[in-house]
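The values are calculated or read from the model by the stated rules, or taken from the named source; none is laboratory data. This one's a predicted model, so the numbers in the text were calculated from it and none came from an experiment. Cβ placement follows ideal geometry from the backbone for every residue including glycine, while neighbour counts extend to all protein chains displayed.
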Amino acid sequence: MKKECIAMLLAGGQGSRLYVLTKHMAKPAIPFGGKYRIIDFPLSNCVNSGIDTVGVLTQYRPLELNSYIGNGQSWDLDRISGGVHILPPYVREGSAGTWYKGTANAIYQNMDFIEQYNPEYVLILSGDHVYKMDYSEMLDAHKKQEAACTISVLEVPREEASRFGIMNVNEEDLIYEFEEKPKAPKSNLASMGIYIFTWSKLREYLIADEANARSKNDFGADVIPAMLGAGERMLAFRFSGYWKDVGTIESLWDANMDMLSRNTLNLLDQSWPIYARSPTRPPHYTGNEAIIHHSIITQGCEIEGTVENSVLFHSVTVETGAEVRYSILMPGVTVEAGAVVEYAIVAEGSRIGAGARVGAPPGDTAPEDWGVAVVGGGAVKPGRVIPPKVMVDRKGKEVVR
Amino acid sequence: MNDMHGILFAYSAGSRLQQLVEHRTTSSLPFAGRYRLIDFMLSNMVNSGIPDIGVIMHENYQSLLDHLGSGKDWDLSRKHGGLKLLPPFAYTGNGRQGGYRGKLEALSGVYSYLEKIRQEYVVLANGDMAVNLPLEKVLKAHLDHCADITAVCTRRTRGTPAESTYFSLLPDGRITDTACGHYQEGSFESLDVYILSKSLLLNLVDYCSGHNQYSFEQDVMQRMRESLLLYGYEWDGYAARFQCIADYYTKSMELLDPRIRQELFCRDRNIRTRDYSNPSTYYGPDSSCQNSLISDGCLIEGRAENSILFRSVVIEPGATVTNCVLMQGTRVQSGAVMKYVIADKRVTVHSGRVLIGHETYPLAISKGSVI
């Protein structure tokens, strides 16, 4: 069946800068914001934008992601025609078919999937970003400008521009130059890694790119520059809302804290709901001694201690006298009596033993030694001290950043 | 697979629940912050491996239809079997004006559905009880006793005697007598859960409708006690039924006791309900919240104590909610004070209003009211 626009979601990222958190799952499966995983944001944006066909390209540790997405029911993506499809790399006759070599190669290898729907346009997304965005507005702009490619851009502070891929545009917002992490940026329009291509054009360039032995088969490094070089109409679409790449421990922690302040990313706003798959647990319980301020608490939690400026996923227990501040506790974490968790990310199922200390406020440590502490799962023995910036894996062993 | 079929009776509305059942049957009464009463028995059936469940309803069932949908949230949306909704007049001419008088009449209304049951045994249960009951164990006891009918009963009193059925049991569990609306020392209160074979069920429904008999308790359990082998299955766990507003309030407050929650929501027998994908609950910088059960999607900036808050409740800064049950979408504006109040869905309490009921007579506010 023909679809005007389908989405391809690149979800194969290893997320190596998240260290212990991505040891057992791909980056898009990382829990975020009390109820969600990162991939819920692009998936929900698709559904809310009227896109009902999404290919999810997986590669690294796909188990968690595959079982999470299932048949797509949680996002209303269980459709008779279209819906969500997991697309892992596969082997073809002869020696064809390999691991996905790069982002462009991942799409190239799934051209047959795209052709089934005979789309006019293809939206390329990544599973690394937290944001609410109406892709249909971007598609309207793309159609109006009759562009070959539209790239969503965000205005970033000038001094940070050299960390991003920067688009230099004319007065019509048509791109004439793309610079990856420029030393002297000419503009402050950073690429958000969200592309709409006219499919017939992209198809041409993907085939050419695959034939080029020197190409890294990457959108940003190869395909976009090739299209610019050939003089294609390339549009920059300005996005003004909240957008965050959560590829590092610090940015993941920051994004959760941003959400707490609610004026940046308001998840209670139901006009653009983010959907998630979550188990049914009873409502959370706050005990007689509980003190909860400026925090997000999810179903199934039992809070007897103190929780401040923190994000608690489902089924977290905070025992009497335990203190949790500026931290992110993923599903099923237990903080035993008297333990203190501050400025930390604690992965699913961890148990922080009685009297243990994880992380510390920035003021108590020299700035170069301070950072968010991470517990990757498993048990932290009672009384153990995990200093700021330190990460421990499921076996309790320290992992070097 | 244990070869049981489930029939849920969801046709009655306890009239003493007053405004709480104005727009719904007791089975779809919201309870425990995010559930409807029918979720408990429905989940018990699913957790006991029952694949096919029929829900008999009669009137005021829009809220129930809306809640159950295709049954997918209970894993009951199936090509064959799964959840079947059985409204009146579902089968020609068998509807009855003014509601069903009893379970047998309700069953005879869906006789052709009963004939098509694929399983050998049938569980009959009411949809308006909060319990976490392992029905597969009841079936095992039923088979061990070679019983004709096994009835689940308890020693823990649950409701008003006048509205309950009591069994007298021999030490081996055999039921010797059934008393309706009359409690005798040492008798067991019925949980209105029965297991019997499909063939016996069809015979009973046939016989009784031919004799204008409609009450399962009186016309089968009582009248046929000599001819049938009736056994009781004693359940000593938690079970709550809801006959009046005060009942509803007391049972809600019992949930603040961790032992009761443990019994009702034990992890390996999860109670399922409709999924709304609400975000987590947000607590503001000056919020305070003690001894309360709080659902997802709430925004708490004021004070809550000893209360049950359903999904998407808003408590604005400076508002105080104590000993209350606030259903989905209740909005308490700044400075308002509420004590011993049950607010039905989407009630708005404006700034500065003071609403105070009493523990023995909680103030119940109808759905959608603005105060």
- Within the range B:342-361, how many residues are surrounded by 13 or more Cβ atoms within 10 Å (Cβ to Cβ), within 19 Å of B:Val21 (Cα to Cα) and not β-branched (Val, Ile, Thr)? 4
- Note on the structure: Within the range A:222-259, of all residues that are within 14 Å of chain B (Cβ to nearest Cβ) and crowded, with 22+ Cβ neighbours inside 10 Å, the one farthest from A:Asp173 (Cα to Cα) is A:Asn256
- How many residues does the range A:3-30 contain that are farther than 19 Å from A:Pro119 by Cβ, of a type in the set (D, E, K, R) and assigned to a loop (DSSP other than H, G, I, E, B)? 1
- Task: Sort out for me the strands (runs of 3 or more DSSP E) sitting completely within the range A:289-359 that have 3 or more residues that are more than 11 Å from chain B (Cβ to nearest Cβ) and modelled with pLDDT of 95 or more.
- Result: A:323-325, A:340-342, A:344-346
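Can you confirm whether the range A:269-285 contains a residue that is at the interface with chain B (Cβ under 7 Å from one of its Cβ atoms), over 30 Å from B:Ser43 (Cα atoms) and surrounded by fewer than 19 Cβ atoms within 10 Å (Cβ to Cβ)? Show your work before the answer.
At the first step, the residues of the range A:269-285 found to be at the interface with chain B (Cβ under 7 Å from one of its Cβ atoms) are A:273, A:275-276, A:280, A:282-285.
With over 30 Å from B:Ser43 (Cα atoms) added as a condition, the list becomes none.
Among the residues of the range A:269-285, not one is at the interface with chain B (Cβ under 7 Å from one of its Cβ atoms), over 30 Å from B:Ser43 (Cα atoms) and surrounded by fewer than 19 Cβ atoms within 10 Å (Cβ to Cβ), which makes the answer no.
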- Query: Does A:Ser278 satisfy being over 28 Å from A:Glu137 (Cα atoms) and in a loop (DSSP other than H, G, I, E, B)?
  - Reply: yes
- Message: Yes or no: the range B:229-248 includes at least one residue that is more than 8 Å from chain A (Cβ to nearest Cβ), in contact with a Gly (Cβ under 6 Å, 6 or more places away or on another chain), under 26 Å from B:Lys367 (Cα atoms) and not in a strand (DSSP E or B).
- Response: yes
- Within the range A:51-63, is there a residue that is closer than 17 Å to B:Lys72 by Cβ and free of Cβ contacts under 8 Å to residues at least 60 places away in the same chain? no
- Query: Which numbered condition trips up B:Met338, out of (1) in contact with a Pro (Cβ under 7 Å, 6 or more places away or on another chain); (2) in a strand (DSSP E or B)?
  - Reply: (1)
- Task: Please determine, by comparing only the residues of the range B:269-309 that are farther than 21 Å from A:Val307 by Cα and either surrounded by fewer than 19 Cβ atoms within 10 Å (Cβ to Cβ) or touching a residue at least 40 places away in the same chain (Cβ under 8 Å) (or both), which one is farthest from the other protein chains (Cβ to nearest Cβ).
- Result: B:Arg269
- Item | Test: B:Glu234 is assigned by the TED database to the domain that holds B:Asp144 and out of contact with any strand residue (DSSP E or B) (no Cβ under 8 Å at 6 or more places or on another chain) | no
